[in-house]
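Comments concern the structure below.
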C-alpha cells in the first residue's frame, strides 16, 4: 500500500473514531429511581425530583431519570433490594431501614444523642464518613450518597403523657433504626410501618405513639388529631436520607456523567435541608396558632437517662460483635467529640446569648 493510500486510510479511521466518540458523547442514559415515599410527598419526595432535573440540565439531556413512587413499585421498604437486584438503577430512602439486612447501614442516617445535621455533613465529606458508607454498601452492588437532611426530628406523638420509664413499658411505638432498639431495651415495643399506614395505625390503636419527622411533615399527616403530646428531640438529631446507586450502572456511566450525578445528589440534598428548616418553621407557627391543644413536652430526665444508658450499652455490643461497626462508631464518636467542642463555643454560646 502506498504512503498516500496509508495516509488516506488513517484519515478515514480517524474520522470514523471521531464519529464513534461523538456518538458516545451524545448517548442518552435513561435511569429509573425507586423512592420509599408516596407520590407527591413533600420535602422527602422533592429531593429526588430536584436531583433528576439538575442531572438532566447539567448533562444537556444525556441523563434522563424516571421516578417511581412507593404507590407504583409497591415496596416502600424494599428499595434496597430493588436497586441491588438491578430492577431499579437508583433509589431514594433512608439508610437505617436496612438494618435487618445489613446492620451497619443504620449508622449513616442519624444516631441517638449523636451529631446534628451540620456536624454529620462535615463527617461525611471531611471526616471519612462517606468512605465508610461505601465500604458498607459496595459488597451489595450498591453505592450510597447523602440524599438530604430533614434536620433534627421531634421525639414523637404520644396519646398519653410520658412521666416515667414505667410509662414506656409495653408501649407500642413506630420508631425505626437504632432508636427503636433503645426503646425496646427500656421496655417499649417498637415497630416500623410504611409512611402511608402511619395515621391509620395510630387511629386504630395498632400503635400508641409514633415518631415521623417534624412539623413540616407531621402537620399534613394529622397526628395531632389523635395524639396531643408532642415530644422534643433525642433520637434523630440530623436525619439523613440517601441516594442509592446500583454499582454496575454507576460503573457503566461515563466519568463526566458520574460527576454530574454526584453533584446533582449533593445539590438536591443541600436544597432539601434548607427546605426542611424553612417549612418546619412555617408549619410550627401554624400548629401553634391553629391547634392550641398540642402539648409540647420534654422527656423527663429519668427517661432520658435510661435511654442514654441503653444507647451506650447497645453501642458497646455492636462494636464488640462487628469490627466494621466498631470502626464506624469510633469514627463517629471521635468526630463528634472534636466538632461538638466547636459547636459549644459557637452555636450553643450564641443561642445562650439570645435567652
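Annotations
- The residues of the stretch 42-51 that are surrounded by fewer than 21 Cβ atoms within 10 Å (Cβ to Cβ) and touching a strand residue (DSSP E or B) at 6+ places or on another chain (Cβ under 8 Å), listed by number, are 45, 49.
- Matching option when the condition is modelled with pLDDT under 95, assigned to a helix (DSSP H, G or I) and either farther than 21 Å from residue 146 by Cβ or out of contact with any strand residue (DSSP E or B) (no Cβ under 6 Å at 6 or more places or on another chain) (or both), among 287, 307: 287
- Candidates 232, 241 - the one that is closer than 16 Å to residue 195 by Cα and at pLDDT 95 or above: 241
- Hey, residue 107 crowded, with 21+ Cβ neighbours inside 10 Å, modelled with pLDDT of 95 or more, in contact with a helix residue (DSSP H, G or I) (Cβ under 7 Å, 6 or more places away or on another chain) and assigned to a loop (DSSP other than H, G, I, E, B) or not: no
- Checked against (1) farther than 30 Å from residue 261 by Cβ; (2) surrounded by 16 or more Cβ atoms within 10 Å (Cβ to Cβ); (3) touching a helix residue (DSSP H, G or I) at 6+ places or on another chain (Cβ under 6 Å), residue 171 passes all but a single condition, namely (3).
- Filter result for the condition that a residue is on the phi > 0 side of the Ramachandran plot and either modelled with pLDDT of 95 or more or touching a helix residue (DSSP H, G or I) at 6+ places or on another chain (Cβ under 6 Å) (or both), over 45, 38, 86, 78: 86
- Answer residue from the stretch 207-229, given it is closer than 10 Å to residue 160 by Cα and out of contact with any helix residue (DSSP H, G or I) (no Cβ under 7 Å at 6 or more places or on another chain) and is surrounded by the most Cβ atoms within 10 Å (Cβ to Cβ) among those: 209
The values are calculated or read from the model by the stated rules, or taken from the named source; none is laboratory data. The model shown is predicted, which means the values in this text are computed figures rather than measured ones. FYI the Cβ positions are ideal-geometry reconstructions off the backbone, even for glycines, and counts take in every protein chain you see.
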